[in-house]
Amino acid sequence: MPCLEIKLDDIPLEIPVRLKHDGAAIVVIQTRNGVSAFHDRCPHAQWPVSDGEIVDGILVCPGHGWQFNMNTGQCLNSPTYQLKPLSVVVYNDSIHIEWE
Amino acid sequence: MRVTYFGQACTLIEVAGKKILTDPWLTEGAYFSTWFHTHLIAEAGVTPETFPKDIDYLFLSHEHQDHVDPATLRHFSPQIPVLICKFVTAKFRRHVEGLGFHNIREIPTGQRVELGNEVAVTILSSAEYTNDAALLVEGDGCRLLNETDCKLSYPDLERLGQQDIDIGFYMFSGANWYPMMYDYPDEVKRALVSRRRRSLLRSLVQRVKVTNPRVVVPAAGPCTILDPDRLWLNSEDRGIFIDPEEAVAALKAAQVPVEPLYMAATDAWDSRSGLERWAPAAFRMPRQDYIHAASERMAAQIRLRRAAEPPAGSDLPQRLMAYFNTLVAAQTPLVRRRIHAKLALVVTGRQGGSWTVDFTSTGPEYIYEGLVSDWTYRIEVEDKLLYPFLTGQMHFFEDLLLSLRIRLARRPDEYNEALYHFLYDPDPERLHNWYAMP
């Protein structure tokens with residue numbers, strides 16, 4: 001199972017960060033509630049959500065403005081859409097991310 | 001290469017001796033006399049009757065009336081080669097065939113097709129359920145992209161970005177009924193409009209950044225609503241139909257390294273000499289001033305057209321129940337579960353009444369008279385506008401929503417995409433395959 005370890009300090013608060021590892025594109029977001037990571041692909045038209053912005057605590061896709069909960073990846077416009085979440089463990093000052 | 005713009009997504013592309021005309025909509029008052037061009041096209045001297053017919057190819061992107069206009073297309077030879085995208089179903093091809101054309105070339109998305117004289121076209125289909133297509137034209141050492149209304153996938157846009165596009169026509173304005181026709185309190189509606197307009201302009205900037213053309217023309221809108229009772233739909237704080245000048249300003253503000261170009265209908269661009277302004281001076285006056293003056297000129301005609309709309313037949317209730325019951329019953333349980341709506345239909349007028357289309361029913365009846373208290377989506381519409389869809393005279397139910405002569409509500413306030421897809425194209429196999437995808 002591919003995995004990735006990064007420093008917590010490398011992920012600024014509420015700014016989506018794009019990482020590429022093992023051919024996978026990942027977006028990592030740190031909020032006041034913790035750290036979440038998703039495949040960096042909007043389920044609507046495959047835009048990289050890491051190019052989006054966070055407005056009022058909501059991740060907004062740059063392509064067509066679809067909105068996502070930063071913690072769960074759930075789409076707020078249409079409940080059928082969701083960013084694909086990755087397993088995230090934070091310990092000390094590190095973030096460990098795993099995906100299939 | 002030379003391209004002349006005729007409003008919306010209509011471009012006449014002249015390249016290496018070939019003429020390709022895209023999405024010709026040269027009349028006014030699409031969708032039950034609601035949609036007019038950004039500027040009245042006849043006032044630039046353009047009519048279906050007088051428009052030059054020496055066209056080598058027509059490209060038709062999708063079925064919307066401002067892209068495929070029967071009243072315009074009947075003036076073209078039925079022999080003319082018509083380029084369309086090979087969509088998942090044959091519905092669009094059949095629609096074009098139904099207009100009399102019999103030289104239709106369905107091109108699979110992404111396939112580059114040579115037209116002779118070293119001119120080639122590539123059609124790219126939408127990333128969405130809806131049928132739509134964009135066109136890339138290559139020739140004379142130039143590349144032109146016409147997005148039409150098509151929402152391309154990011155990978156397709158990235159590939160376009162590697163092709164050194166010289167000029168691109170990009171959609172930037174809203175073109176549907178959300179949020180204006182919903183029953184939100186006014187302040188909520190204004191906030192949603194503001195958010196939607198920001199999102200549309202941001203999307204334009206992002207798509208331009210990814211596709212990286214040399215010249216960008218805001219296109220495929222905005223439509224203009226000239227019905228004197230609905231002029232509010234054109235306003236900046238209550239409507240989503242954005243002024244092209246705003247799109248140009250957004251591109252400049254984002255400092256995207258492109259040349260944003262405002263082209264009004266009949267303006268032309270030549271790859272050697274650049275922009276040629278041919279549009280009447282009135283097309284460059286402040287947009288709201290233009291709209292109010294145009295509305296005054298068109299008000300009498302709109303009234304006449306509305307008065308000539310045929311009434312609904314007295315069999316509307318029976319037809320409505322049969323129409324929806326048949327369509328819902330034909331869906332697979334998976335699709336009905338995904339839609340999971342109770343659609344309230346409130347039909348006004350002499351043949352009016354209330355019905356609930358219940359996708360949660362176990363069948364065999366999926367529609368009943370009256371409204372249930374827990375409806376989830378509500379459409380209120382005049383009987384005479386609904387009736388042509390029930391008789392099969394009109395085939396695209398979305399046209400009714402695009403008429404903006406409806407009132408809508410939803411509970412909870414969230415987008416039910418599956419319901420929208422059902423209303424857009426209820427083909428059971430297509431819907432099932434879409435929702436059965438992992």
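Each reported figure results from applying straightforward, stated rules to the coordinates on display, with no laboratory input. These figures come from a predicted structure and were not determined experimentally. Please note: Cβ atoms are built from the backbone with ideal geometry, for glycine as well, and neighbour counts cover all protein chains shown.
On a C-alpha basis, how far is the centre of segment B:150-201 from the centre of segment B:28-82 in Å? Whole number, if you could?
Between the Cα centre of segment B:150-201 and that of segment B:28-82, the gap is 24 Å.
Is the C-alpha gyration tensor of segment B:73-143 telling us rounded, prolate or oblate? Criteria: a/c under 1.5 is rounded; beyond that, a/b larger than b/c is prolate, otherwise oblate.
Taking the square roots of the gyration eigenvalues as a ≥ b ≥ c, segment B:73-143 is oblate.
How big is the shadow of the Cα convex hull of segment B:261-393, averaged over all directions, in nm²?
It is 13.8 nm².
With each run of n ≥ 4 DSSP H residues scored as -39500 (n - 2.57), what mean residue ellipticity at 222 nm is computed for chain B after dividing by its residue count and rounding to the nearest 500 deg cm²/dmol?
The per-residue figure over chain B is -9000 deg cm²/dmol.
Cα centroid distance between segment A:2-39 and segment B:283-356, in Å?
Measuring centre to centre over Cα atoms gives 47 Å.
For segment B:33-166, what is the Kirkwood estimate of the hydrodynamic radius, computed as the reciprocal of the mean inverse distance between distinct Cα atoms, to one decimal in Å?
Answer for segment B:33-166: a Kirkwood hydrodynamic radius of 16.0 Å.
Mind scanning A:Lys7/A:Lys84; B:Lys151/B:Lys384; A:Lys84/B:Lys252; A:Lys20/B:Lys151; B:Lys53/B:Lys151; B:Lys91/B:Lys189 and naming the pairs with a C-alpha gap bigger than 28 Å?
B:Lys151/B:Lys384; A:Lys84/B:Lys252; B:Lys53/B:Lys151; B:Lys91/B:Lys189, as the Cα separations exceed 28 Å there.
Between B:Gln8 and residues 5 or more places away or on another chain, which pairs have amide H atoms under 5 Å apart, with H built 1.01 Å from N, and which residues are they?
B:Thr38, B:Ala220, B:Gly221
Based on other C-beta atoms within 10 Å, arrange B:Lys86, B:Lys384 from fewest to most.
So the ranking, lowest neighbour count to highest, is B:Lys86, B:Lys384.
Give the value in nm², to one decimal: projected area of the alpha carbon convex hull of segment B:326-417, averaged over all directions.
Dividing the Cα hull surface by four gives the mean projection, 6.2 nm².
If you project the alpha carbons of segment B:168-209 onto their three principal axes, what span does each projection cover, largest first, in Å?
37, 15, 7
Amide H neighbours of B:Glu259 under 5 Å, counting only residues 5+ apart in sequence or on other chains, H built in-plane at 1.01 Å?
So B:Glu259 has HN proximity to B:Val215, B:Val216.
What percentage of all Cα-Cα pairs in segment B:103-244 are separated by more than 28 Å?
More than 28 Å apart: 29 percent of the Cα pairs in segment B:103-244.
I want the local charge near B:Tyr420. Using Cβ-Cβ distances under 13 Å, sum +1 for each Lys or Arg and -1 for each Asp or Glu among the other residues.
-3
Just to confirm a number: summing +1 for Lys and Arg and -1 for Asp and Glu over residues other than A:Glu98 whose beta-carbon lies under 14 angstrom from that of A:Glu98, what do you get?
-2
With the radius of gyration and the Kirkwood radius both derived from the Cα set of chain B, what is their ratio Rg to Rh?
Answer for chain B: 0.96.
Show me, bin by bin at 10 Å from 0, the whole-percent P(r) of the protein assembly as shown based on Cα pairs.
With 10 Å bins starting at 0, P(r) equals 3, 17, 27, 27, 18, 7, 1, 0.
Quick one: of the DSSP bridges fully inside chain B, what percent are antiparallel, nearest 5?
65 percent
Using the Kirkwood radius built from alpha carbon pairs, what does the Stokes-Einstein equation give as D for chain A at 37 °C and 0.692 mPa s, in µm² per second?
It diffuses with D of about 246 µm²/s by this estimate.
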